[in-house]
Amino acid sequence: MRAVPFLIDANSNARPLFRLAFNEGFSEQWLQEQLFKTPNSLPFGEINPGYRDVVPLCMEMGTGAGPIDIVYVTPQGKVVIVETKLWRNPEARRKVIGQILDYAKELQTWSYSDLQREVTRRTGEKGNIPYELVKRRFPNTEESEFVDGVSNSLAQGDFMLVIAGDGIRSDTQAMVQYLDLTANMKFTLAMIETAVYQTEDKDLTFIQPRTLFQTKEIQRTVYISDFAEPTSQREQIQEEVNPLFEQYHEFWKDFIKDLRLDDPEQPVANPLARGNVFFSLPPSSTTAWITLYFLKASSEIGCFLRLSSSEEGVSLYHALKEDAEAIGNELPYAIEWDDKNCRVITHKRIHGEWPPVRDQNTKTYFSGAVNAFVNTFRPRLERLSDSPD
């Protein structure tokens, strides 16, 4: 006989709780709305400490792969996708893994401005809404750092993917097998059973989460061989692309195609329609990365190592700085240590036409800089990440 859970109220009275079945008083939309309004209903921080604090951005966010049920983000810019499912039919059980992975693949092609645009459409608010929503909850969040973090999360496909729903326990293993059929990607996946309980007089309702399955960060790289024909939304997005960004995109595609690094284990960047690209480093792409950038405002190009503002990122930055003299001697470029933003940066002023995407010297500079930064910082970060506290 199954034990009945109880709620102990302020007067120490025990009130029995009754679990609701799929069709008893709540729907998929109701569950979605509750999880959106109360993100602490899901144990993000227990799955991955880097996701302890999350802020709801919007529900039903439009993408070329369909609307995402819930999108959250952390103050550090890590993106969370949640798909809510009630397990009423076998089709939903079979499709849910493929569905959430399709969303992740789609988001990996986005820039920060794409995310900003879609959140604006869903909320009806103007401005840098993802950042404003985070700042309301976490006032000390730096805008440039947040945008950089989100951009990196999108570019690397580094997300937390969560499937939340009632009755999924028996299907967990079958769904997980779908991962063997996916292309390479980097993500954390969790399946959470969200049992719904009510008191006998139905005056209180509770959601009890239980993590049934979670991956560690699965190190994979997305390869999409054939895109479907563009949807009307994709066509609209293409019309909004800045011509300058189109030049950047073409440059990065050629640059990445021809790039040869000394370290064969270093993941390469994804070419983006924007003025920068990211190379992830240990211990994770949301903690450490190298950025190559064009900066029109100051007519410069450059390369920097960036550590996140998390406790781990700040600790790694200061550990590297203790070795600043040796690092400065090892790198063939003059560098600056930016303590405020946890960056090590080198840059070069450009004279003449902008953007300098047709100048072979630009490719030569970027190739040499990223190769030198990888050779200098990757082994150090691996040692620091593996060393005991």
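Comparison of ASP158, ASP148, ASP114 shows that the only residue that is buried (at least 17 other Cβ atoms within 10 Å of the Cβ), of a type outside the set (Phe, Trp, Tyr) and more than 17 Å from VAL71 (Cα to Cα) is ASP148.
Taking strands (runs of 3 or more DSSP E) as the structural unit, those lying wholly within region 47-95 and holding at least 3 residues that are modelled with pLDDT of 90 or more and buried (at least 24 other Cβ atoms within 10 Å of the Cβ) correspond to 68-73, 79-86. What are the residues in region 97-125 that are touching a Phe, Trp or Tyr at 6+ places or on another chain (Cβ under 9 Å) and over 24 Å from ALA269 (Cβ atoms), if any? Those that are touching a Phe, Trp or Tyr at 6+ places or on another chain (Cβ under 9 Å) and over 24 Å from ALA269 (Cβ atoms): ILE97, GLY98. Within region 348-361, the presence of at least one residue that is open to solvent by 30 Å² or more (accessible area, probe 1.4 Å) and in a helix (DSSP H, G or I) is confirmed. Listed here are the strands (runs of 3 or more DSSP E) enclosed by region 244-344 that have at least 1 residues being open to solvent by 60 Å² or more (accessible area, probe 1.4 Å) and touching a Lys or Arg at 6+ places or on another chain (Cβ under 9 Å): 336-338.
The values are calculated or read from the model by the stated rules, or taken from the named source; none is laboratory data. Given the structure is predicted, the values throughout are model-derived calculations rather than measurements. Every residue, glycine among them, receives a Cβ derived from its backbone with ideal geometry; neighbour counts consider all protein chains shown. Protein only, heavy atoms only, side chains kept; ligands, DNA and RNA dropped before computing areas. Shrake-Rupley method; radii C 1.70, N 1.55, O 1.52, S 1.80 Å.
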